[in-house]
Amino acid sequence: MKYTVVDSYEKLSRLASNLIASQITVKPSTLLGLATGSTPLGTYKRLAELCKNGDVDFSGVTTVNLDEYAGIDRSDINSYYYFMNTNLFDHVNIDKNNTYVPNGKAEDLEAECKAYDERIKNFGGIDLQLLGIGFDGHIGFNEPDSEFVAGTHVVTLDESTIKANARFFESENDVPKKAVTMGMLSIMQAKKILMVVNGEGKKEILEKALFGPITPKVPASILQLHPDVTVIYTPENA
Ligand code: PGA
């Protein structure tokens, strides 16, 4: 595992976007696993700039996002579908038909989960997965549990996750209680993992995940078993 600490959010965003851009340059048909949250915003902004300058070409790239709130419409400004379009896809030359976010409004969520895993498998797995970490140690919306869950599945969000995400909603009550998340198998089968983390507040859980015992109580701790993980952390807030 490569654990890099940088002194600014700007540096984190620069490093992370360079790694993603290099991946795409080396393999133009990359299957890129993407994440939402505040931390990747700077990375996405810089990828858009690189693309505008002709330094990265998204035309052959396919993306799969980690998660989506259940029961939320894609047009909702709080949907992760909307987040990805406004923060990245609208600003790069990607074919939007090749961008996938779980459909949290699917009539049959179980079938949606199965189809999501099948799609990733049919692509031959994720080449590079971008991750953040939650205050409770979650990756995607894989919340602390008694076991690691392999497949894409529906989860009930933790109180701490609902509280943390309330900043995007009018009130805490408006945060959906359930979500669809990619499971640990697709994440762990990604050829490379890039985790971005910012803020003093995340340091304790990050170091617990990276250096503590491997346990589903700290979902991100499973990454210790992955052969190619890069973590970039800055104490500076986004
Ligand atoms: P953040 O969240 O990027 O907003 O810190 C990451 C997460 O909760 O997974």
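The values are calculated or read from the model by the stated rules, or taken from the named source; none is laboratory data. On a predicted model such as this, the values are computed, not experimentally measured, just so you know. Reconstructed Cβ throughout: ideal geometry from the backbone, glycine too, with neighbour counts over all protein chains shown.
Does SER29 qualify as being among the polar types (S, T, N, Q) and within 16 Å of the ligand (Cβ to nearest atom)? Break it down into steps so the answer makes sense when it comes.
On the way: among the polar types (S, T, N, Q): yes; within 16 Å of the ligand (Cβ to nearest atom): no.
No: the conditions fail for SER29.
Table: residues versus (1) assigned to a loop (DSSP other than H, G, I, E, B); (2) without any contact (Cβ under 8 Å) to a residue 60 or more places away in the chain.
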{"residue": "THR63", "(1), (2)": "no, yes"}
{"residue": "ARG74", "(1), (2)": "yes, yes"}
{"residue": "ASN97", "(1), (2)": "no, yes"}
{"residue": "LYS105", "(1), (2)": "yes, yes"}
{"residue": "CYS113", "(1), (2)": "no, no"}
{"residue": "TYR116", "(1), (2)": "no, no"}
{"residue": "GLY125", "(1), (2)": "yes, no"}
{"residue": "GLY137", "(1), (2)": "yes, no"}
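Looking at (1) among the basic types (Lys, Arg); (2) more than 18 Å from the chain's Cα centre (by Cα); (3) under 29 Å from LYS177 (Cβ atoms), which is the only condition LYS52 fails?
Answer for LYS52: the failing condition is (3).
Could you list all residues from region 170-189 that are within 14 Å of the chain's Cα centre (by Cα) and among the aliphatic types (A, V, I, L, M)?
First, the residues of region 170-189 that are within 14 Å of the chain's Cα centre (by Cα): 179-184, 186-188.
Selection gives ALA179, VAL180, MET182, MET184, ILE187, MET188.
For ALA106, which of the numbered conditions (1) buried (at least 23 other Cβ atoms within 10 Å of the Cβ); (2) more than 29 Å from LYS202 (Cα to Cα); (3) of a type in the set (Gly, Ala, Ser) fails to hold?
Checking ALA106 against (1) buried (at least 23 other Cβ atoms within 10 Å of the Cβ); (2) more than 29 Å from LYS202 (Cα to Cα); (3) of a type in the set (Gly, Ala, Ser), the one that fails is (1).
I'm told ASP117 meets every condition in (1) under 18 Å from the mean Cα position of the chain (by Cα); (2) away from the ligand (no atom under 16 Å from the Cβ); (3) over 24 Å from PRO227 (Cβ atoms); (4) among the acidic types (Asp, Glu) except one. Can you identify the failing condition by its number?
(3)
Output the residues belonging to region 72-100 that are surrounded by 14 or more Cβ atoms within 10 Å (Cβ to Cβ) and of a type in the set (Gly, Ala, Ser).
SER79
If the Cβ limit is 8 Å and pairs must be 6+ apart or interchain, which residue in region 19-41 that is closer than 19 Å to VAL101 by Cα and touching a residue at least 40 places away in the same chain (Cβ under 8 Å) pairs with which residue that is within 8 Å of the ligand (Cβ to nearest atom) and of a type in the set (S, T, N, Q)?
SER38/ASN198; THR39/ASN198
For VAL56, only one of the following conditions fails: (1) touching a helix residue (DSSP H, G or I) at 6+ places or on another chain (Cβ under 9 Å); (2) surrounded by fewer than 19 Cβ atoms within 10 Å (Cβ to Cβ); (3) part of a loop (DSSP other than H, G, I, E, B). What is its number?
So the condition that VAL56 fails would be (2).
Looking only at region 122-138, filter to residues that are within 24 Å of SER59 (Cβ to Cβ) and surrounded by fewer than 19 Cβ atoms within 10 Å (Cβ to Cβ); which one of those is nearest to the ligand (Cβ to nearest atom)?
The selected residue is GLY125.
Is there a residue in region 84-94 that is touching a helix residue (DSSP H, G or I) at 6+ places or on another chain (Cβ under 6 Å), of a type in the set (Val, Ile, Thr) and either under 30 Å from ASP55 (Cα atoms) or not in a strand (DSSP E or B) (or both)?
Yes, the conditions are met somewhere in region 84-94.
Which condition number does LEU128 fail, the rest of (1) out of contact with any strand residue (DSSP E or B) (no Cβ under 7 Å at 6 or more places or on another chain); (2) of a type outside the set (Lys, Arg); (3) on the phi < 0 side of the Ramachandran plot being met?
(1)
Return the residues of region 49-70 that are over 25 Å from LYS27 (Cα atoms) and either modelled with pLDDT under 95 or of a type in the set (A, V, I, L, M, F, W, C) (or both); say none if nothing qualifies.
Here is the first cut: in region 49-70, the residues over 25 Å from LYS27 (Cα atoms) are 68-70.
Matches in region 49-70: ALA70 only.
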